[in-house]
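The values are calculated or read from the model by the stated rules, or taken from the named source; none is laboratory data. Worth saying up front: this structure is predicted, and the values here are computed from it rather than measured. Using ideal geometry, Cβ is built from the backbone for each residue, glycine included, and neighbour counts are taken over all protein chains shown.
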Amino acid sequence: MNFSPKDKLEFKTNPARYIESAIIKYAAKSPLNRLSDYNNEPVIEEPLVGFADGYDPIFNEFKNDSIIGNFHLTPLEAFKFYSEKQGKPTVKDRPTALSVISVGFTLPKKTRQSNRPKSRLAAPMWRHAYGQAFMLMGETLSHIVSLLESAGYRAVAPVCTRPMSMPIIRDGLPFTDWSEKHAAYTAGLGTFGLNTSLITPKGISTHLGSIITDLTIKATTRIYGDLHDYCLHFTDGSCGKCAAHCPSGAVNTLFFQAKKCLDYTMNDLQKLSRELEGELKPPDHPMCALCQIRVPCEACIPTVKSAQK
Ligand code: SF4
Ligand code: SF4
């Protein structure tokens with residue numbers, strides 16, 4: 001990639017602003033950001049972008065079993081591991097600076113509305129948009145990684161690892177060694193809901209990805225103090241609407257049972273979608289996401305008033 005002199009100056013003056021703008025522009029122009037079967041509606045809203053210091057001590061706290069577990073990588077460990085996985089030069093040093101760029105792609109109102117009447121399987125528009133948002137994330141992050149590399153920095157996006165890393169199995173459940181949700185939390189993009197999805201300023205239907213780079217970028221200020229600050233259930237014991245909508249019983253007001261969600265998605269919904277629509281074609285995949293619609297955190301940070309609607 002070639003940087004024009006103007007680009008070089010803007011990048012050097014304010015790398016955070018330059019990168020955020022590059023992500024927004026790239027996603028807006030990508031053909032993957034259009035749903036050709038649905039009037040060319042956009043797949044996502046304008047992306048959310050946040051930045052974290054890769055040496056923020058909070059990443060070590062995620063290794064605690066009560067949050068994720070010791071298998072979860074710090075940004076430096078992930079930088080080394082995923083660089084090697086993706087065939088990039090081995091990272092042997094401890095870079096002076098390490099930054100995490102976190103990106104959120106939120107599904108727009110029309111897509112969310114398509115899922116409102118559903119009670120078991122997500123609407124076709126939602127399923128298609130979700131799968132396409134996943135592809136668009138990979139393409140956008142690859143573009144930003146190339147941009148950083150052409151500016152002389154090392155960079156890696158864990159979601160671009162193909163084939164995907166084998167998940168870590170704990171208590172019969174798959175876990176990843178790099179949690180995009182925790183990276184986004186650290187980068188100021190939002191806090192966790194009762195259903196364990198991230199509540200962002202644009203709502204909970206947000207697909208996340210990240211880049212780790214040795215470029216120095218000023219971290220985004222976290223305006224919350226706790227993992228669950230935005231969720232009404234954790235702040236005042238109210239709401240619980242995501243639990244009420246969950247057809248598998250995975251979400252309840254005491255805890256989230258990931259196995260129930262996974263079993264429902266992988267077994268019941270696979271079978272149901274085959275019965276209703278035959279074999280699904282990529283990027284569609286069976287999913288439900290009913291805990292993300294008709295809830296006060298659907299499109300914003302919820303308030304007590306929004307929960308009463
Ligand atoms: S629906 Fe209510 S309880 Fe569930 S995540 Fe959103 S705010 Fe929290
Ligand atoms: S995705 Fe569906 S099954 Fe899983 S927690 Fe949400 S509503 Fe429940």
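Quick grid of which residues meet (1) touching a residue at least 12 places away in the same chain (Cβ under 8 Å); (2) surrounded by 15 or more Cβ atoms within 10 Å (Cβ to Cβ); (3) in a loop (DSSP other than H, G, I, E, B):
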residue	(1), (2), (3)
Thr220	yes, yes, yes
Asp226	yes, no, yes
Tyr230	yes, yes, yes
His233	yes, yes, no
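Close Cβ contacts (under 7 Å, 6 or more residues apart or on different chains) running from residues in segment 262-287 that are touching a residue at least 40 places away in the same chain (Cβ under 8 Å) to residues that are among the aromatic types (Phe, Trp, Tyr) comprise Pro283/Phe134; Met287/Tyr130.
State whether one or more residues within segment 237-246 are in a helix (DSSP H, G or I), polar (S, T, N, Q) and within 11 Å of ligand 1 (Cβ to nearest atom). Within segment 237-246, none of the residues are in a helix (DSSP H, G or I), polar (S, T, N, Q) and within 11 Å of ligand 1 (Cβ to nearest atom). Beta carbons closer than 8 Å, at least 6 apart along the sequence or on distinct chains, pair a first residue in segment 202-218 that is closer than 28 Å to Gln132 by Cβ with a second that is among the acidic types (Asp, Glu) and part of a loop (DSSP other than H, G, I, E, B) for Lys202/Glu45; Gly203/Glu298; Ile204/Glu298; Ser205/Glu298.
Residue count for segment 235-247, restricted to those that are more than 14 Å from ligand 2 (Cβ to nearest atom) and either without any contact (Cβ under 8 Å) to a residue 40 or more places away in the chain or on the phi > 0 side of the Ramachandran plot (or both): 3.
When restricted to residues that are aliphatic (A, V, I, L, M) and either touching a strand residue (DSSP E or B) at 6+ places or on another chain (Cβ under 6 Å) or outside any loop (DSSP other than H, G, I, E, B) (or both), segment 71-95 contains 2.
Determine whether Ile212 is closer than 21 Å to Ala97 by Cβ and more than 9 Å from ligand 1 (Cβ to nearest atom).
Numbers: closer than 21 Å to Ala97 by Cβ: yes; more than 9 Å from ligand 1 (Cβ to nearest atom): yes.
Taking the combined requirement at face value, the residue satisfies it.
Please determine whether any residue of segment 179-190 is within 16 Å of ligand 1 (Cβ to nearest atom), modelled with pLDDT under 95 and charged (D, E, K, R). Within segment 179-190, none of the residues are within 16 Å of ligand 1 (Cβ to nearest atom), modelled with pLDDT under 95 and charged (D, E, K, R).
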